[in-house]
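Asks: Take a look at this one; I'll ask things after.
The values are calculated or read from the model by the stated rules, or taken from the named source; none is laboratory data. Since the structure is predicted, the reported quantities are computational estimates derived from the model, not experimental observations. Every residue, glycine among them, receives a Cβ derived from its backbone with ideal geometry; neighbour counts consider all protein chains shown.
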Amino acid sequence: MTVIATDSAGLVVRGLTTTFETSRGVAIAAADVDFDVAPGEVVGLVGESGSGKSVTLRSIMRLIREPGKVSGRVEWQGRDLVAMPEEELRRIRGSEIAMIFQEPMTALNPVLPVGLQIEENLMAHTRLSARERRARALELMNIVGIPAAERRLDEYPHQFSGGMRQRAMIAIALACSPKLLLADEPTTALDVTIQDQILKLLLDLRDRLSMSVVLVTHDLGVVAATCDRMAVMYAGRIVETGTVAEVFARPRHPYTRGLLGSVPRSNVARTMLSSIEGTPPSLTNLPQGCSFHPRCSFAAAQCLEERPPLETVARGRKVACFRQEVVAKAEAIL
Ligand SMILES: Nc1ncnc2c1ncn2[C@@H]1O[C@H](COP(=O)(O)OP(=O)(O)OP(=O)(O)O)[C@@H](O)[C@H]1O
Ligand SMILES: [Mg+2]
C-alpha cells in the first residue's frame, strides 16, 4: 500500500483567524478558517460582500498589515507560511504562490511600465536572460488577450483600461508558472469572451503544472464550470464545503441554500449569487450562537445559544449547522 505523505499535500489551512482593531472594537474578519486545496485542485470560495474572502486570501499570503493580526496555520507543501521568516516567504511569493488581487490598481506599480513589471517578477524568480524575459512578457501579454502587446509592454498602468489592467495583473501572476494561485475575482471586470479565455488558461495551467487554485467569485456559472470543490463563507467563517456537484445538488447550510437561491440547478451559466433577505452581522458584534440565525428560516432554540462547529457530515463534506439534516431534506427551492 502506498502511503501518501501528508506533508506533501498542497495547501492546508487550519484555524486561520484574522482580526482588526476598529473604533467599534475588534472585528473578526476571518474566524477559525479551515480548508485544504490538493495539488491540481480548483476550490471556489463564495460568500456575500464582507464575508472575509479577500481577508482569507491576504492572510494566506501574509499580506495583512499591522495592526491587523493573523493566527493559525497555513501549510504550503509542509511548510508553515505564518511562521516562516519574511525572507523565505518573499522567495515563495510571486513564484510558487501567486495572487491575483481584486483591485488591480493596488497591485500594479504606477510608475513602472507594465512589461517591466512582468519582467521584474521573472528576474526575481527565474534565470532567464533579459531577452528571454522580454519575449516571455510579450507571450504572457498575448496569452491574457492584451491587444498590440508589443507596444503596450512599454505603457504604464494608467494608460490601461480596468479590464486591461486586470489582464496585466493576471500576466504578472502567471509569469513564473505558480503552483498555487490565489485568484480574487480575477475575471469580474472582463467581458465574457475574455473571461472564458482566462478561465480556460487557468484550467490549462492546472492540468499542465498541477497548479492549485483558490478562486473567489460571485458567479455561480464560473464555480460550476471551473471548480472541483467549493467553500462558502459567512461572517468570517466557512459554513459549508464539498464538491461543487454535491453542494449545488443538495446544500446543507441554509446560507448556501439562500446563495444558490432560485438558480435552476441545470443551468447555472453566468448566474450571480442570489441576495438573501436581511443584512450580514457586524463583525465587531456578532450575534450569539450561529451568526446566521437572525436571517435563517430553519433556526431552532439551540442555534440562538450555541455556535455550530464545522463538522464532517460525509466524505469530503463539512457543514456548520445544527439543522443540516433538515436543510438537506427540504424541498428544492424551485
Ligand atoms: N484593514 C482592515 N481594517 C479593518 N477591517 C477590515 C480591514 N480589511 C478588511 N476589513 C473588514 O473585513 C471584512 C471582510 O472583508 P473582505 O474584504 O475579506 O470581504 P470579501 O468577502 O472579500 O468581500 P467582497 O465580496 O466585497 O470583496 C469586512 O467587514 C471588511 O470591512
Ligand atoms: Mg473581496
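Asks: Can you name the number of the only condition in (1) out of contact with any His (no Cβ under 8 Å at 6 or more places or on another chain); (2) at pLDDT 95 or above that residue 240 fails?
Replies: Only one criterion is unmet by residue 240, namely (1).
Asks: Name the residues in segment 64-101 that are over 15 Å from residue 11 (Cβ atoms) and either among the acidic types (Asp, Glu) or within 13 Å of ligand 2 (Cβ to nearest atom) (or both), would you?
Replies: 66, 86, 87, 88, 100, 101
Asks: Oh, and also: Looking at this structure, is residue 301 out of contact with any Asp or Glu (no Cβ under 8 Å at 6 or more places or on another chain), at pLDDT 95 or above and exposed (fewer than 13 other Cβ atoms within 10 Å of the Cβ)? Talk me through it step by step, then tell me what you get.
Replies: Numbers: out of contact with any Asp or Glu (no Cβ under 8 Å at 6 or more places or on another chain): yes; at pLDDT 95 or above: yes; exposed (fewer than 13 other Cβ atoms within 10 Å of the Cβ): yes.
So residue 301 passes the test.
Asks: Counting only residues that are under 14 Å from the mean Cα position of the chain (by Cα) and surrounded by 18 or more Cβ atoms within 10 Å (Cβ to Cβ), give me the strands (runs of 3 or more DSSP E) lying completely in segment 22-97 with at least 3 of them.
Replies: The strands (runs of 3 or more DSSP E) meeting that bar are 25-37, 42-46.
Asks: Which of the residues spanning segment 112-153 are farther than 20 Å from residue 100 by Cβ and among the hydroxyl-bearing types (Ser, Thr, Tyr)?
Replies: Of everything in segment 112-153, just one residue is farther than 20 Å from residue 100 by Cβ and among the hydroxyl-bearing types (Ser, Thr, Tyr), namely 129.
Asks: Please go through segment 135-191 and pick out each residue that is at positive phi and hydroxyl-bearing (Ser, Thr, Tyr).
Replies: Step one: list which residues in segment 135-191 are at positive phi, which gives 145, 148, 177, 185.
Within segment 135-191, just 177 meets the criteria.
Asks: Could you give me the residue pairs with C-beta distances under 6 Å whose first residue belongs to segment 43-66 and is under 24 Å from residue 259 (Cα atoms) and more than 9 Å from ligand 1 (Cβ to nearest atom), whose second residue is part of a helix (DSSP H, G or I) and not basic (Lys, Arg) wherever it lies, and which are 6+ apart or on separate chains?
Replies: What qualifies is 44/223.
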